[in-house]
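First the structure, in the form of structure tokens, and then the observations on it.
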Amino acid sequence: MPKIANETDLQYKRRVIDIKSASFCAAKWYNATIWLGSGQTTSCHHPLPHAIDVEEIKTNPKAIHNTPQKKAERAMMQRGERPSGCEYCWKIEDIADQEDASDEIISDRVYKTVIYDDGDLDEAFNTSAEQDINLQTLEIAFDRTCQFACSYCNPAFSSSWVRDIRRNGGYTNLVSDGRNHFTHEHDHSQLYSIDDVNPYVEAFFKWWESDLHKTLKELRITGGEPLMSGYTWRLIDWFQEHRGQSTTRLAINSNLGFEQDKLERLLDATEGIELDLYTSNESIGQHATYIRDGLDWDQWTSNLLYLLDGRKLRGLHVMCTINALCLISLTEFLWMIVDLKKKYGKDAINFSVNILRFPSFQSPLILPEDVKEQARKELVRFVNMANSEMKLLHEFEFNQVARLINYLMEVDTPHSGALSREILQRDFKNFYAQYDQRRGKDFKNTFPELTEWYNAL
Ligand code: SF4
């Protein structure tokens, strides 16, 4: 076990991490996110992605993870130096240093390290940084094929979004979209067409078949929509043909926008494999179909019930992305999940609450105060009843709702570089006016509670 009994996070950090170096983080060795469509990787979701050398992977497929950049950063961590890409963690640690040192704040590198065995951590630290390392946890995206074009997504992650831009041109007059998410097709995200041989995908399968399937503890496939990618099914076929040869747990992010027979096929094909399914939603009915363009609410809920009734999954997880438009029915949505917990058990279905920061004009913080206050009150009532009285929330679910309640009350801007609220609100209106036209939607009819405010923007 990585942690010993009753050990706090801080005690663990001092016992296992600090004795190695002042900057050690196991994610640089054992964890990766790899976008095979764009040929990019990073160690956890905080550092920006960097390019994988397409020539190197022809002879060494492990280089889709073991890039020269990661090797240089491992060497820095062995020396106790801080790779600049990990500034998310350093900032948090530096805040802690300025305050009372006895009250040290734990940065993500502790949480990204504690999941691995102590012996593996010693081995990573004592191995030459030049050596290739086999991953233990991996999140992978094969391509961006997706039948949805959610308002908070963009063409880098959805082929339906690409079609919108191709057909109608880029969105215009968005002052705060500094990263130009909505102005072009993001061709760099899909370097090879679906019919071409993608060398990054081939390198992954080569590594998987040689030895990755023996060392990897968890493989999470994301997208696009993974169940629309032929590569996901190629991997599932491998599991079927090599039953018992890999103990890797499989996790799939899916929008569940399918007829039930696709899920039946998935469950049949993964019989005997530990499978977690992650799906997204954060509001009810017409709100959900407005925000998540492509979603059929009845189909999504009936697929959820099908998966719960089947009880074949290791876990079913609902990821809530807290954007401005979900606040009106978010609590009703969370009650729906709690009702499912009541029926199927507390562990049968979980939820996570992730607060949207980009694009900042879709942040819940741009809403009028009375709407935020109303949502906050409903969430307080929800958390008190579902957690304290009904005892149906896990600690992480309670903490994440509590964090959102505080966020709605105390935070003013979505992120440090965000523009003023007036500019974000103007972009909000500019964006949804164009979204309505392109997608055949109607903001005012869908959100009558916001119409007066929207008209006045
Ligand atoms: S140090 Fe922090 S930012 Fe860097 S890989 Fe580890 S958890 Fe991620």
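The values are calculated or read from the model by the stated rules, or taken from the named source; none is laboratory data. Because the structure is predicted, anything quoted here is derived from the model rather than measured. Reconstructed Cβ throughout: ideal geometry from the backbone, glycine too, with neighbour counts over all protein chains shown. Please note that ligands, DNA and RNA were not included when accessible areas were found on the heavy atoms of the full protein model with its side chains. Shrake-Rupley method; radii C 1.70, N 1.55, O 1.52, S 1.80 Å.
Distance between the C-alpha centres of segment 227-255 and segment 113-170: 16 Å, rounded to the whole angstrom. Per-residue 3J(HN,Hα) values for segment 321-334, derived from phi via the Karplus relation 6.51 cos²θ - 1.76 cosθ + 1.60 with θ = phi - 60°, read 9, 7, 10, 4, 7, 7, 4, 4, 10, 4, 5, 4, 5, 5 Hz in sequence order (x marks Gly and Pro). Unpaired cysteine residues in the chain (no second Cys Cβ under 4.7 Å): CYS25, CYS44, CYS86, CYS89, CYS146, CYS320, CYS326. Working from Cα pairs under 8 Å separated by at least six residues, relative contact order for the chain is 13 percent.
Projecting each Cα onto the charge dipole of segment 251-406 (Lys/Arg +1, Asp/Glu -1 at the beta carbon, about the Cα centre), which of ILE291, LEU367, ASN399 comes out farthest on the positive side? Looking along the dipole axis, the top candidate is ASN399.
Taking all protein chains as they are arranged and a probe of 1.4 Å, the heavy atoms of CYS25 leave approximately 10 Å² accessible to solvent. A cut-off of 5 Å between modelled amide H atoms, ignoring neighbours fewer than 5 places along the same chain, links ILE284 with SER329. In this structure the amide hydrogen of LYS441, modeled in the peptide plane, comes within under 5 Å of no amide hydrogen from residues 5 or more places off or on another chain.
State the percent of C-alpha pairs, over all pairs in segment 338-457, separated by a distance greater than 18 angstrom. Intermediate values should be presented prior to the final figure.
Details: 4354 of 7140 pairs.
In whole percent, the long-distance tail amounts to 61.
Loop-resident trypsin sites (Lys or Arg not before Pro) (DSSP state other than H, G, I, E or B) in segment 366-424 with no more than 12 further Cβ atoms inside 10 Å of their Cβ: LYS391. Dipole magnitude for segment 352-437: about 60 debye, using +1 per Lys or Arg Cβ and -1 per Asp or Glu Cβ, origin at the Cα centre.
Within segment 161-243, list the trypsin sites (Lys or Arg not before Pro) lying in a DSSP loop whose Cβ has at most 10 other Cβ atoms in a 10 Å radius.
On the way: sites: ARG163, ARG166, ARG167, ARG179, LYS206, LYS214, LYS217, ARG220, ARG234, ARG243; in loops: ARG179, LYS217, ARG243.
Sparse-neighbourhood loop trypsin sites (Lys or Arg not before Pro): ARG243.
Only Cα sites of the chain enter the Debye sum here, all with the same form factor; the resulting log10 I(q)/I(0) across q = 0.09, 0.10, 0.11, 0.12 1/Å is -0.65, -0.82, -1.01, -1.23, listed in q order.
Quick check: from the Cα gyration tensor, does segment 183-304 come out rounded (a/c under 1.5), prolate or oblate? It would help to have the intermediate numbers written out before the result.
Values: a/c = 2.34, a/b = 1.34, b/c = 1.75.
Since a/c reaches 1.5 but b/c is at least a/b, the shape of segment 183-304 is classed as oblate.
For the pairs LYS3/LYS91; LYS13/LYS70; LYS28/LYS206; LYS13/LYS206, note any where the Cα-Cα span goes beyond 28 Å. Exceeds cut-off: LYS13/LYS206.
The alpha-carbon atoms of segment 104-224, seen along their principal axes, cover 55, 45, 25 angstrom, with the largest extent given first.
Taking amide H atoms as placed 1.01 Å from N in the peptide plane, the amide H of SER352 lies under 5 Å from those of VAL318, MET319, CYS320, each 5 or more residues away in sequence or on another chain.
Computed from backbone phi with θ = phi - 60° and the Karplus coefficients 6.51, -1.76 and 1.60, the 3J(HN,Hα) list for segment 395-406 is 4, 5, 5, 4, 4, 6, 5, 4, 4, 5, 4, 5 Hz; x is used for glycine and proline. All other residues whose Cβ lies under 9 angstrom from that of LEU219 are scored, Lys and Arg at +1 and Asp and Glu at -1, for a net of +1.
Restricting to DSSP loop positions (anything but H, G, I, E, B) with no more than 14 other Cβ atoms inside 10 Å of their own Cβ, which GluC sites (Glu not before Pro) remain in segment 253-297? It would help to have the intermediate numbers written out before the result.
Working: sites: GLU259, GLU264, GLU271, GLU274, GLU282; in loops: GLU259, GLU271, GLU274, GLU282.
For GluC sites (Glu not before Pro) across segment 253-297 that sit outside H, G, I, E and B with at most 14 neighbouring Cβ atoms in 10 Å, the list reads GLU259, GLU271, GLU274.
Given their separation in residues at 0.36 nm each and the Cα-Cα distance between them, ILE273 and ASP132 gain 48.0 nm when the chain is fully extended. Using θ = phi - 60° in the Karplus curve 6.51 cos²θ - 1.76 cosθ + 1.60, the 3J(HN,Hα) couplings for segment 194-208 round to 4, 7, 7, 7, 9, x, 5, 5, 5, 5, 4, 5, 5, 5, 4 Hz; x is entered for Gly and Pro. Across the cross-link table entries LYS262/LYS341; LYS62/LYS217; LYS343/LYS444; LYS312/LYS342; LYS372/LYS441, which are compared at the Cα atoms, the separations over 28 Å belong to LYS343/LYS444.
Length available on full extension from TYR344 to LYS377: 0.36 nm per residue minus the Cα-Cα distance, which gives 9.1 nm.
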